[in-house]
Amino acid sequence: MTHLLVTPSALVFAVALVLVALAISLKEKIGLERDLIIGVVRAVVQLTIVGYVLTYIIRVNRAWLTLLMVAVIIFNAAWNARGRANGLPHAFAISLLAIFVATGVTIALLVAAGAIAFVPSQIVPIAGMIASNAMVAIGLAYRSLNTQFRDLRQPLLERLALGATLRQTAIHVVREAIRTGMSPTIDSAKTVGLVSLPGMMSGLIFAGIDPTKAIMYQIMVTFMLMAATSIGSTIACYLAYPQFFNSDMQLR
Amino acid sequence: MPSPLLTLSAVGYTPHATPILTDISFTVMPGEFVTIAGPSGSGKSTLLRLIATLLTPTTGTITYAGRPQSSYEKTAYRREVSYCFQQPSLFGRTVQDNLTFPYTIRQQPADPERLTAALATMSLPAAMLTKPITELSGGEKQRIALLRNLLFEPKLLLLDEVTTGLDAVTKDTVHQVIAEANARGVTVLSVTHDDRELAQATRTITIAAGRQEVSA
């Protein structure tokens, strides 16, 4: 497995790749230099810390520590999803519940089916994948809700004026937002293997695992992400849409 | 003497710093046809939206059928006090989607014969049911929207310049439908600039710059 060793000096050479991106940003006046540098610094710092943390968690192999790590991942994912909610009331609580249930249910099913074992080396990466996909799905769903509640204000008002309940008023908006949240997962499921060789599969092949075995894992991951994003965006949308109305059943 | 259907007492609406409506007070008796006149931007549409519970007054009270408006369950109230928008936007894909909506929200099956009969009252053909809403003219849209309000007859019909921009023939049809509903006992409160509607009305309330003008 020596061919897998990335030495610190090799990483330093990789910095040259960042310089290419920086040079392009400067030359083309894209104005992303600051974000690029922040991104690079954060990636290095965060991943280094996580590397050491994961090594420790995997070594001590305690259930509570594994669950704590999963909780941290879910909390961060919810915090990020809240950022895309554009001021929606209770966005953090809604995101936290949605991502918690999506991650919890999916992992519980995978463990119950024997697809993965309850060991930190499997639970933590899988939880990370699920939570991050749920986070993206929920973020997109929030954006769709915000856009629709703004653009479709008049037809929504007309439904309310005719005596529709909040659900009858907003159900088509909610459905569209769930669709929007799930569409990247469905699109990537359609093109998986044709366009992208996803991270998990690539990582296993990199590590010398038989590609057919790696593919079986990837199929599991694809299905798992479909379940997680649908659970996550459905919960988030159903809890979020009433926030667009006040207690008098009026549009905010 | 019958009790009023609608009573506004010192109603005001100041959502931010500037008041849109101040100290509006009037009553509407059952079966009346009352018009609200006044220049553009004087707060007439806001007044209808307050009565329709799409906005809540910041001062004063609105009483409907003897009870404070706030004591009603909103969906039940809005099915009785039906507001038709100025330049309504239809929803869904076809005319049918719009006309079945009042049935859907009441969890009742829509009766196709009832829908075609309703279209006929507005001089619209039965074939219009399946027409996509994107292919309708402004006058057709306005008539379909009004039908949504009338399929289940409301007690109080709030009309927000529903004949503005319609051609003379369509205007006549719409006036006729409104007059017939009024004759059946539907109370009408209509914001309008239309001379014929003003003449049709039992009386007119005039609003200017958010205040009610004292009638002679």
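Any idea which of B:Ala117, B:Ala199 is part of a helix (DSSP H, G or I), at pLDDT 90 or above and exposed (fewer than 13 other Cβ atoms within 10 Å of the Cβ)?
Every option except B:Ala117 fails the conditions.
A quick yes/no check of all residues on (1) of a type in the set (Phe, Trp, Tyr); (2) modelled with pLDDT of 95 or more; (3) surrounded by 14 or more Cβ atoms within 10 Å (Cβ to Cβ):
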{"position": "A:Leu152", "(1), (2), (3)": "no, no, yes"}
{"position": "A:Pro155", "(1), (2), (3)": "no, no, yes"}
{"position": "A:Glu158", "(1), (2), (3)": "no, no, yes"}
{"position": "A:Asp187", "(1), (2), (3)": "no, no, no"}
{"position": "A:Val195", "(1), (2), (3)": "no, no, no"}
{"position": "A:Met200", "(1), (2), (3)": "no, no, yes"}
{"position": "A:Ile205", "(1), (2), (3)": "no, no, yes"}
{"position": "A:Ala236", "(1), (2), (3)": "no, yes, yes"}
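The rows are residues; the columns are (1) closer than 18 Å to B:Val186 by Cβ; (2) assigned to a loop (DSSP other than H, G, I, E, B); (3) more than 19 Å from the chain's Cα centre (by Cα).
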| residue | (1), (2), (3) |
| --- | --- |
| B:Met1 | no, yes, yes |
| B:Ser9 | no, no, yes |
| B:Gly12 | no, no, yes |
| B:Pro19 | no, yes, yes |
| B:Thr22 | no, no, yes |
| B:Leu47 | no, no, no |
| B:Pro57 | no, yes, no |
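Give the residue, chosen from A:Ala78, A:Ala71, A:Ala63, A:Ala93, that is more than 23 Å from the chain's Cα centre (by Cα), at pLDDT 90 or above and under 25 Å from A:Ala134 (Cβ atoms).
From the options A:Ala78, A:Ala71, A:Ala63, A:Ala93, the qualifying one is A:Ala63.
Can you pull out every residue in the stretch B:34-50 that is aliphatic (A, V, I, L, M), within 12 Å of B:Gly12 (Cα to Cα) and within 14 Å of chain A (Cβ to nearest Cβ)?
B:Leu50
If the Cβ limit is 9 Å and pairs must be 6+ apart or interchain, which residue in the stretch B:66-84 that is touching a residue at least 40 places away in the same chain (Cβ under 8 Å) and at the interface with chain A (Cβ under 10 Å from one of its Cβ atoms) pairs with which residue that is polar (S, T, N, Q) and assigned to a helix (DSSP H, G or I)?
Close Cβ pairs satisfying both conditions: B:Val81/B:Gln69; B:Ser82/B:Asn149; B:Tyr83/B:Asn149; B:Cys84/B:Gln142; B:Cys84/B:Asn149.
Does A:Arg179 satisfy the criteria of being assigned to a helix (DSSP H, G or I) and within 14 Å of chain B (Cβ to nearest Cβ)?
No.
Tell me whether the stretch B:51-60 contains one or more residues that are away from chain A (no Cβ under 14 Å) and touching a residue at least 24 places away in the same chain (Cβ under 8 Å). Step through it out loud before you land on a result.
First, pick out the residues of the stretch B:51-60 that are away from chain A (no Cβ under 14 Å): B:59-60.
Right, trim to touching a residue at least 24 places away in the same chain (Cβ under 8 Å) and you get B:59-60.
So far as the stretch B:51-60 goes, yes, one or more of its residues are away from chain A (no Cβ under 14 Å) and touching a residue at least 24 places away in the same chain (Cβ under 8 Å).
Under the condition of being at pLDDT 90 or above and either small (Gly, Ala, Ser) or outside any helix (DSSP H, G or I) (or both), which residue from the stretch A:96-113 is surrounded by the fewest Cβ atoms within 10 Å (Cβ to Cβ)? I'd like the intermediate steps shown before the answer.
Narrowing the stretch A:96-113 to residues at pLDDT 90 or above: A:96-112.
Adding the requirement that they be either small (Gly, Ala, Ser) or outside any helix (DSSP H, G or I) (or both) leaves A:98, A:102, A:104, A:108, A:112.
Numbers: A:Ala98: 30, A:Ala102: 30, A:Gly104: 16, A:Ala108: 11, A:Ala112: 8.
Checking each candidate, the answer is A:Ala112.
Listed here are the residues, each with its yes/no results for (1) assigned to a helix (DSSP H, G or I); (2) over 30 Å from B:Tyr83 (Cβ atoms).
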site: A:Gly87; (1), (2): no, no
site: A:Ile94; (1), (2): yes, yes
site: A:Ala115; (1), (2): no, yes
site: A:Phe118; (1), (2): no, yes
site: A:Thr147; (1), (2): yes, no
site: A:Ala170; (1), (2): yes, no
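Mind listing whichever residues of the stretch A:58-74 are buried (at least 16 other Cβ atoms within 10 Å of the Cβ) and of a type outside the set (A, V, I, L, M)?
The one that is buried (at least 16 other Cβ atoms within 10 Å of the Cβ) and of a type outside the set (A, V, I, L, M): A:Thr66.
When you look at A:Arg175, is it closer than 20 Å to A:Ile235 by Cβ and free of Cβ contacts under 8 Å to residues at least 60 places away in the same chain, yes or no?
Taking the combined requirement at face value, the residue satisfies it.
Just wondering, is there one or more residues in the stretch B:100-109 that are within 15 Å of the chain's Cα centre (by Cα) and in a loop (DSSP other than H, G, I, E, B)?
Taking every residue of the stretch B:100-109 in turn, none turns out to be within 15 Å of the chain's Cα centre (by Cα) and in a loop (DSSP other than H, G, I, E, B).
Looking at this structure, is B:Leu158 within 12 Å of chain A (Cβ to nearest Cβ), assigned to a helix (DSSP H, G or I) and in contact (Cβ under 8 Å) with a residue 60 or more places away in the chain?
On the way: within 12 Å of chain A (Cβ to nearest Cβ): yes; assigned to a helix (DSSP H, G or I): no; in contact (Cβ under 8 Å) with a residue 60 or more places away in the chain: yes.
The answer is no for B:Leu158.
For the stretch B:120-147, enumerate the residues that are hydrophobic (A, V, I, L, M, F, W, C), in a loop (DSSP other than H, G, I, E, B) and touching a residue at least 40 places away in the same chain (Cβ under 8 Å).
Scanning the stretch B:120-147 gives B:Met122, B:Leu136.
Please find, among A:Ser183, A:Ser121, the residue that is surrounded by fewer than 20 Cβ atoms within 10 Å (Cβ to Cβ), farther than 30 Å from B:Arg148 by Cβ and either outside the structural domain of A:Ile74 (by TED's automatic domain parsing) or within 19 Å of the chain's Cα centre (by Cα) (or both).
Values: A:Ser121 fails: either outside the structural domain of A:Ile74 (by TED's automatic domain parsing) or within 19 Å of the chain's Cα centre (by Cα) (or both).
Just one listed residue meets the conditions, A:Ser183.
Among (1) at pLDDT below 90; (2) away from chain A (no Cβ under 11 Å); (3) in contact with a strand residue (DSSP E or B) (Cβ under 7 Å, 6 or more places away or on another chain), there is one condition B:Thr94 misses while meeting the rest; what is its number?
(1)
Enumerate the pairs (first residue in the stretch A:235-252 and without any contact (Cβ under 8 Å) to a residue 60 or more places away in the chain and at positive phi; second residue anywhere and in a loop (DSSP other than H, G, I, E, B) and surrounded by fewer than 17 Cβ atoms within 10 Å (Cβ to Cβ)) with beta-carbon separation below 7 Å, excluding pairs fewer than 6 apart on the same chain, so at least 6 apart or on different chains.
That search, which allows pairs on different chains as well, returns nothing.
Residues are listed down the side, and each one gets a yes or a no for (1) closer than 23 Å to B:Asn182 by Cα; (2) in contact with a Ser or Thr (Cβ under 8 Å, 6 or more places away or on another chain); (3) buried (at least 19 other Cβ atoms within 10 Å of the Cβ); (4) not polar (S, T, N, Q):
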{"position": "B:Pro30", "(1), (2), (3), (4)": "yes, yes, no, yes"}
{"position": "B:Leu50", "(1), (2), (3), (4)": "yes, yes, yes, yes"}
{"position": "B:Gly66", "(1), (2), (3), (4)": "yes, yes, no, yes"}
{"position": "B:Gln69", "(1), (2), (3), (4)": "yes, yes, yes, no"}
{"position": "B:Val81", "(1), (2), (3), (4)": "yes, yes, yes, yes"}
{"position": "B:Pro102", "(1), (2), (3), (4)": "yes, no, yes, yes"}
{"position": "B:Asp111", "(1), (2), (3), (4)": "no, no, no, yes"}
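The values are calculated or read from the model by the stated rules, or taken from the named source; none is laboratory data. If you're wondering where the values come from, they're calculated on a predicted model, not measured in any experiment. Using ideal geometry, Cβ is built from the backbone for each residue, glycine included, and neighbour counts are taken over all protein chains shown.
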